[in-house]
Amino acid sequence: MSAFKRRTTTKQPPLPAGTRTCPGSTATVITSTGIPSLDDILGGGLPLSCSLLVLAPDAHSAYGELVIKYFATQGLACGQRVCVVDSRAESFLNECMWMPGSATTTAQTADTSEHVSLTVAEDEEDERASEHDTKIKIAWRYEQMKQFQTTVPSAQSTDDYCRTFDLTCRMPESVIQSARSDGRFLAVNPDEQIHTEGPVSSCRRVIHRLSDILAQNDSESSLATRICIPSLGSYEWGDVSPQDICYLFHSLRVLLRRYPRACASVCMPSHVCQEAFGGPGWVQKLGWLTDASITLAAFSSNPSLTAMFSSHHGLVHIHSLPAPHTLLPPSDKFSALRGLTSSGENNLAFKCMRKRFIFETLHLVVEGGVSERRTTPSASALVLDSAAGHVRDHAHEALASGRSSVAAVQVQLEQVEITAPQPTTVETPASETSAGSSFKKAKVKKKVAFTSERPDLYDF
Amino acid sequence: MPSLLSSAIAHPARNQHLLLLQSSVAQTCLPVLRDVVQRSMERAREKTILFCLLYPPLSFLDKASRAQTDRLLVVDRTTYVPGYSDGLDFNDDVASFLRSAIMDSIQSSSLNIVIDSVDTLLSDINSVSATTRILSELLSIVRTRGGTSRLIIHVLAPCPLLPILTQTRFSPSLTHLIAHPTALLTHIASAYLTLPPPLSPPEKFWGVFIPISERHYESEKLVYGSAGEGSGLQDFVVEILVRGGADATGRRRGVERELEGWSPALGGPCEVRELDSLKSLCSEKPATEMQIVPDPTQNLPFNLNLTQEQAKSRAQVPLPYAHEGKPPVQASMPAAILYDPDSADDLDDDDPDEDLDI
């Protein structure tokens, strides 16, 4: 209604660096976790004033800490303040990743964008090279279709919101020093004894320190603050009981709501993530105490799961998603990976490649499982293959002429199965007995080989 | 192929600094610990510090090794009870003690620290975090020493320290030996119809074995229950988990799991199939996958075969849909209608049918 125009335009305060508004609700300001696919699962990013809990119950891997490292690195890369709560905060940052190929660390020059695209291209080439020899022979009518996307593409250009990081690059010392001198890197040690307070549990100490830091930062500048706790409940925190952990999460939520330009990301050691530590329903309790909570269940020590899902490194379970200003989490509507809008909810898995860490949708193999019945190829399978070779020539000639009928496809299969004598070749009688055996099973690396009927939904 | 167990005991790799031996109520792993201690004493340039907290030191030494006391330093705290004994607390003096011990052993190249019962240490100190702190200090001492230095820990499951000691945060590389009774394997073979790895696919076996082995009460019931034979057997099965181990070619592997056996009669580490109690299991032949398919073309009263001419003429038959889509082969002569007039047809020359092209 044009009669009701605002006289004065509402001046919104500028958003802190490295954040943007959530598409689902304009009151929510979100920031990137450093991993584009995790941002997608959370509905664009982690909202400020929310906490993210990453549980990693597998003792033989450290994927939860890897996610926290991405979180801290993204914070330093886009100029936010990072507060690391760990007894060895410096060594934690030294092990973090960084953007590829950047000798110049502060400026976002064109070089880094080229390097970024180069890295992305190299990564894709690696994947393509590994796929090339295991290309599945699919029916010709599907060959033109785009390959099914299982994850979100990483940021292509010098995106201010989410930088691309390379796991093979370490964070340069200069970055850490400049962040420390700017006051953007703070370390809180759960170990240190504050003698004036008397015996107080480490969780209370940490909460006191964090509230001091946040109060100080809130008055000074408008930078967003990221609180990273890589290992809550390890031995440096002393003997931590489940009640202490619940107290810490509850107080952390109070702090984050009071100082809404901060967000937190917590990971716990594997023995704390399990129900043996906290009792039945512990994981659910943690999901209710934090705003966003996921479990990365890695396969590393279980040979049967590794064999079954050979292209992934673990499963992802989502316990809660952030919804600070809405009833339902925006991730339900905006997450392409979870897929709630298109089909039923997808299963998610993660994979740690040489240069990056991604979350993917998990699909069963094309034929419906690894344990399907397998017919062993007979001794004359070599003859079968050579006959099949001739058959494919026929099929390709049929294609070239442009006549595409269903009958041609069916005949192709029949001709492979039955070693019917061709006009050009003379079969030996021995090969006729091999009609019973079917052709060889496709190679191990399974891929979903077709897209759905509605291409626009998967166009991400 | 050298077994993982023997290489873990006798020839430790250069980056494996933590060796964790896990016993349970059903099966003890002490014979392996004894063997490790004795072998480390046999090596010339190694110094071993043995903390005896539960088992008497004599149980680790045999007659021959008692002579070589310069390579072994025994700290006997089996009589120490916190609150009742006068000796200093473990927390306070262990660091200084170790530093002095290390200063003495400056000539030797590597250092092994053996703790024979870390759950006794935990119950003495009564705090999981303090015990973990001590153990991580010991581990850092061992790692700065380098070479083939190791921290060797024996633990009795279930223990609250165990999930902490297996984490990557405690030590990136780990060799974990878990002792299982042979009754467990025979139970799995009879109740779950799954034989140990060479006889059944490893994925299937580990999928069955890992959950049941983690439930300690099951093994206890199998050994001490009414149908069990008790714990007197000398042979047992060792599950080895190596994290961060390197391949023969030097490639780093993730986590490897193997199942091997221990038999004093065979001198220590051996294969699972060589264990006496499992010989009956492992001698079963796996179900033959290749079955003889009866050939239906034999013993028929009629002839199914083709002669040469028949085969040749059959090969020349064009298949019905083989050439679909291809342009048809041009005939040599144009199409024409050939008509022989029959009796009922009247061909009248006055009025020929001009439209018919005959």
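Counting only heavy atoms of protein chains, what accessible area per residue, in Å², does the stretch A:205-323 have with a probe of 1.4 Å?
37 Å²
If one takes the accessible area of chain A alone plus chain B alone and subtracts that of the pair, with a 1.4 Å probe, what total in Å², rounded to the nearest 100, results? Could you put the intermediate results ahead of the total?
On the way: alone 24620 and 21910 Å², together 43760 Å².
Interface area, both chains combined: 2800 Å², rounded to the nearest 100.
Peptide A:297-304: average number of partner chain Cβ atoms within 10 Å per residue?
6
Full-extension gain between residue A:173 and residue A:88, please, as 0.36 nm times their residue separation minus the C-alpha to C-alpha distance.
So the chain would gain 29.0 nm between residue A:173 and residue A:88.
Place the peptides A:335-342, B:162-169, A:67-74, A:169-176 in order of packing, highest mean first, counting for every residue the other Cβ atoms within 10 Å and averaging per peptide.
A:67-74, B:162-169, A:335-342, A:169-176
Output the residues of the stretch A:221-240 meeting this criterion: accessible area (heavy atoms, 1.4 Å probe) in the chain alone minus accessible area with all protein chains in place is 50 Å² or greater.
A:235, A:239
Which value in nm describes the separation of the simple spin-label points at residue B:339 and residue B:62, placed 7 Å from the Cα toward the beta carbon?
Reported label-point gap for residue B:339 and residue B:62 is 11.3 nm.
Do the alpha carbons of any pairs in A:355/B:204; B:221/B:279; A:69/B:204; A:285/A:351 sit beyond 29 Å of each other, and which pairs?
Where the Cα-Cα span goes over 29 Å, the pairs concerned are A:355/B:204; A:69/B:204.
Once you place label points 7 Å from the Cα toward the Cβ at residue B:127 and residue B:84, how far apart are they in nm?
2.3 nm
Taking the Cα-to-Cβ direction at residue A:21 and at residue B:15 and moving 7 Å from each Cα, how far apart do the two end points lie in nm?
Distance between label points: 5.0 nm.
Using a Förster distance of 41 Å, how high is the FRET efficiency between residue B:309 and residue A:363, based on the Cβ-Cβ distance and rounded to 0.05?
Given R0 = 41 Å and the Cβ-Cβ separation, E is 0.15.
Do any residues of the stretch B:181-203 show a loss of at least 40 square angstrom of accessible area between the isolated chain and the full protein assembly, using a 1.4 Å probe, and if so which?
Flagged in the stretch B:181-203: B:203.
The values are calculated or read from the model by the stated rules, or taken from the named source; none is laboratory data. Fair warning: this is a prediction, and the values are worked out from it, not measured in the lab. Don't worry about glycine lacking a Cβ; one is built from the backbone with ideal geometry, like all the others, and counts go over all protein chains shown. These accessible areas exclude ligands, DNA and RNA; they are computed on the full protein's heavy atoms, side chains included. Shrake-Rupley method; radii C 1.70, N 1.55, O 1.52, S 1.80 Å.
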